[in-house]
Each structure stands twice: as structure tokens, then as C-alpha cells.
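Inspection log for the structure reproduced underneath, given as C-alpha cells.
The values are calculated or read from the model by the stated rules, or taken from the named source; none is laboratory data. Quantities reported herein were computed from a predicted structural model and do not represent experimental measurements. Please note: Cβ atoms are built from the backbone with ideal geometry, for glycine as well, and neighbour counts cover all protein chains shown.
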Amino acid sequence: MKSVNTYLARHAQNCIGALGVLAQQPLASLLTIAVIGVALSLPAALNLVVRNGQSAAGGWENIRDFSVYLHPDQSLAGAEKIKDELAQTGLIESIRIISATQALEEFQNDPGFGDFVATLEENPLPNTLVVRPTAEAGAEALGQLAADLRSRTEIDIVKLDTDWVARLDAFLDLMRRGVWIASLLLVGAVIVIIGNTIRLDIQNRRDEIEVSKLLGASDSFVRRPFLYTGFWYGLCGSLFALLLLLVSTWLVAGPVERLIALYGSSFSPAGLDGTTSLAVLAGGLVAGLGGAWSAVARHLSLIQPKV
């Protein structure tokens, strides 16, 4: 138990000591932290833009919806039967039935069609199914499903634009890959920045390291303070990135809301959420420790005491 307490005490001492080293050179440390924060905030900001664009468009999943119009002589029971069959295909997330009566009422409440609908002697509208595919359903599978539906005698029209679905899938895939590529590149840049900073710190403390090794210090003992320095760089850089994101979203919230109001939309812009915050923190810590470890592994072994 005593050895465990001693081990933890040494780690705590190294952790606080590494923070003290950063505090001894505040300007250089703040500049490094600011650069790390800017690099980490960029992919998170891009992710926020993508999410808000998706919400402003009503959700990409709404664009993939397609309609199945039954023949006017088909009853609601027939629509329910087709709904149950579609639900078993594994390609469908949800199905909503719009009865002919509901559709007619919507037209009656529309100022542009109300007078016209009043002149009709009977309801000419069919029962309709609004089908939402799953995110995994591709254009080819949906095209085959639409062809099968069109071949059924009880279905009149299937309104599905497979070309648009294919374009949307390609666009979403491009955006997702763009966010991932930007994240990897910028986290890699943070690793390089921290690694170079730790390398300079190792060179500046070369004499101290040589004396420590001459007195019998192990490699892990010498390595530990530099790893904690990388940890603090990553943590402080992540917190600075979150601060940048919070300030940025606060600054643009007012103009965005005024622009939305001019278009009469009920869209509410999304801000920084817990998942994005955790991703930024995790990215900063991984980059900080990774950069420190790479620098220590390359340069610390080259420093040997001169006997």
C-alpha cells in the first residue's frame, strides 16, 4: 500500500510540476495553447456548420422520403396492408399514411384551393403512404423497391427520385469524410506542434536530464514530466478551443436568428453539445500525450550522461 501511495504521489508531483513549468513561461505557453485551441476548434466548427445546415434544410432524412399513391378505389385497409409489407423489407425507417379524407381537408384549409375543393362532388384524392427509408438504404435498393411497388395493381404512382437519392448520399458521404479528414489533419498538426515544443523543452533541460540519469534515474522517471507537459498542453488547448466555439456561436447567434426570422422559419440554430465537447477534449488529450510521447521516444534516448 505504501508503494502505491508513493507511486501516486510521484505522479501528482510530476503533474503539478509540469503545470508549474508552463506557468514559468506564460507568454510562450499561452501562444502554444492558442495555436492548439484554434487547430482543435476548426473541425468542431465545421461539424456545427454541417449540423445546422442539416437542420435548416429540415433534416436530410426528409429529403429521402418518397410517396406511394394508391388507386382511388383502394381503401385504408389496403394501405395498412402495404404499410405492414414495407415495414418488413428492412429498408424502411417509418411509414405515415395520409388518408384521402385528411388530404382533402388539407386542401380545403389552403386559401389557394379551398374554393375549388368546395365545387367537387366527391373526393378524387387517393390514400397515400409517405415512406422514409433508413439511412443505410442506397439508391439501387430503393429503386428496386419502387419498381416492385409500381408493378402492384393497387398502387397508382410511386414518386421516388433515385437520382436525387444517389446525389444526396454522395454529398453526405463527402461532408462526413471532409469532417473526418479535417479532424485528422488538424489533430496531426497539434501532435507536431506539441512534439516540437516538448523537443525544445528536452534540449533546454539537457544538462538536468544528464545529471538525473547519472544519479540513476530510470527512463520512465525522466520521461514522466514531459508526458504531463503534453497532457497540460492538450487539456488547456482543448479548453481554449471550447471557449472559442462558445464565443463564436454566441457572436453569430443573434444575426442568424434575425436572418431566420426574415425567412419566417422556425429553425433554431444548434450550439455546442456534449458530444462535440467530449470529442474536442478527447482529441486534445490524445494529441497532447501523442505529441509528447513521440518527442520523448525520439530525443530522450539520445541524451546519455557523460562519465
(message) I'd like the full set of residues that are under 32 Å from the mean Cα position of the chain (by Cα) and farther than 12 Å from Phe66 by Cα, limited to segment 140-162.
(response) Glu140, Ala141, Gln144
(request) Give the residues of segment 123-157 that are assigned by TED's automatic domain parsing to the domain that holds Asp73, part of a strand (DSSP E or B) and surrounded by fewer than 20 Cβ atoms within 10 Å (Cβ to Cβ), sorted by residue number. (result) Val130, Arg132
(message) Checking the conditions here, which among Leu31, Leu27, Leu42 is more than 30 Å from Ile157 (Cβ to Cβ), within 24 Å of the chain's Cα centre (by Cα), modelled with pLDDT of 85 or more and of a type outside the set (Asp, Glu)?
(response) Leu42
(request) Scan segment 237-255 for residues that are more than 16 Å from Leu42 (Cα to Cα) and surrounded by 20 or more Cβ atoms within 10 Å (Cβ to Cβ) and report the count. (result) 0
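Within segment 52-77, track down each residue that is assigned to a helix (DSSP H, G or I) and either modelled with pLDDT of 85 or more or hydrophobic (A, V, I, L, M, F, W, C) (or both).
Ala56, Trp60, Ile63, Leu76, Ala77
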